[in-house]
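Engineer: One structure is given below, represented as structure tokens, and several questions about it will come after.
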Amino acid sequence: MNTNSLQQYVNKPTRGNNILDLVMTTTDLSINGLEVTDKIGDNQMIDFSLEVQDPNTRTQHKQVLDYKRANFELMKEELCSYNYEVLMNNKNAEECYMILKDKIATATDHHMPRKRIRPTNNPPSFSQEIKRLINARQHS
């Protein structure tokens, strides 16, 4: 879930020994005081507060990866330099995934700069190209 910019906050069972209830947010939001509390029927209740920002306040610039200026050759060299057989020897699938994820994150930090962007209220699918086409249609 973290790879999709979501963070899961419930880490205790909510029905028997299973976690059936999820509280997921983007990492920009803040969940405070989450507790698995009293039972309602055969499920546990989840109590938490959500800290939201006033939409009228100015938000700060956000840092994102700048793929255009990334050095993919050096990134590839770094990732190929590891001996994955030794690193992942006697590890289960989850441990292997975490090792690979860590190596990719480290290489990304080393060889892919970040850039600051202004926050926008538009959804991620609303690109500059779509905005340009809408403006062109409205002015024709």
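Engineer: If you roll a 1.4 Å probe over the heavy atoms of the protein chains, what accessible area per residue do you get for the stretch 60-129, in Å²? Mind dumping the intermediate values first?
Structural biologist: Numbers: 5870 Å² over 70 residues.
Ligands and nucleic acids excluded, the figure is 84 Å² per residue.
Engineer: Let me ask something additional. Students sometimes get this wrong: rank Y9, Y97 by accessible area, probe 1.4 Å, all chains present, largest first.
Structural biologist: So, going from the largest accessible area down, we get Y97, Y9.
Engineer: Quantify, in whole percent, the carbon and sulfur part of the accessible surface of the stretch 69-140 (1.4 Å probe; protein heavy atoms only).
Structural biologist: Solvent-exposed carbon and sulfur of the stretch 69-140 make up 53 percent of the total.
Engineer: On full extension of the chain, what length is gained from L87 through K115, given 0.36 nm per residue of separation minus the C-alpha to C-alpha distance?
Structural biologist: Numbers: separation 28, 0.36 × 28 = 10.08 nm, distance 3.23 nm.
Value of the extension gain: 6.9 nm.
Engineer: Check Q44: other-chain or 5+ apart residues with amide H under 5 Å from its amide H, H built from backbone geometry?
Structural biologist: R15
Engineer: Using a 1.4 Å probe and ignoring any ligands, DNA or RNA, find the accessible area of M45 and quote it in Å² to the nearest 10.
Structural biologist: 80 Å²
Engineer: Excluding L65 itself, calculate the net charge of residues whose Cβ lies under 12 Å from the Cβ of L65, where each Lys or Arg counts +1 and each Asp or Glu counts -1.
Structural biologist: Overall, the nearby charge balance is +4.
Engineer: Report the accessible area of L79, computed with a 1.4 Å probe over the heavy atoms of all protein chains in place, in Å² rounded to the nearest 10.
Structural biologist: In the full protein context, L79 sits at about 40 Å².
Engineer: Estimate the FRET efficiency between Q60 and Y9 by the formula 1/(1 + (r/R0)^6), using the beta-carbon distance for r and 22 Å for R0, to the nearest 0.05.
Structural biologist: 0.40
Engineer: Please report the net charge: other residues with Cβ closer than 15 Å to the Cβ of F48, K and R +1, D and E -1. Working shown, then result.
Structural biologist: Details: positive: K12; negative: D21, E35, D38, D47, E51.
Spelling it out: positives minus negatives among the neighbours equals -4.
Engineer: Considering only Cα-Cα distances, which of the following residue pairs are longer than 25 Å: K103/K131; K68/K101; K68/K131; K62/K91; K68/K91?
Structural biologist: Correct reply: K103/K131; K62/K91; K68/K91.
The values are calculated or read from the model by the stated rules, or taken from the named source; none is laboratory data. This one's a predicted model, so the numbers in the text were calculated from it and none came from an experiment. Neighbour counts are summed over all protein chains in view; Cβ atoms, including those assigned to glycine, are modelled from backbone coordinates with ideal geometry. Note: accessible area is taken over every heavy atom of the protein model, side chains too, but ligands, DNA and RNA are not part of it. Shrake-Rupley method; radii C 1.70, N 1.55, O 1.52, S 1.80 Å.
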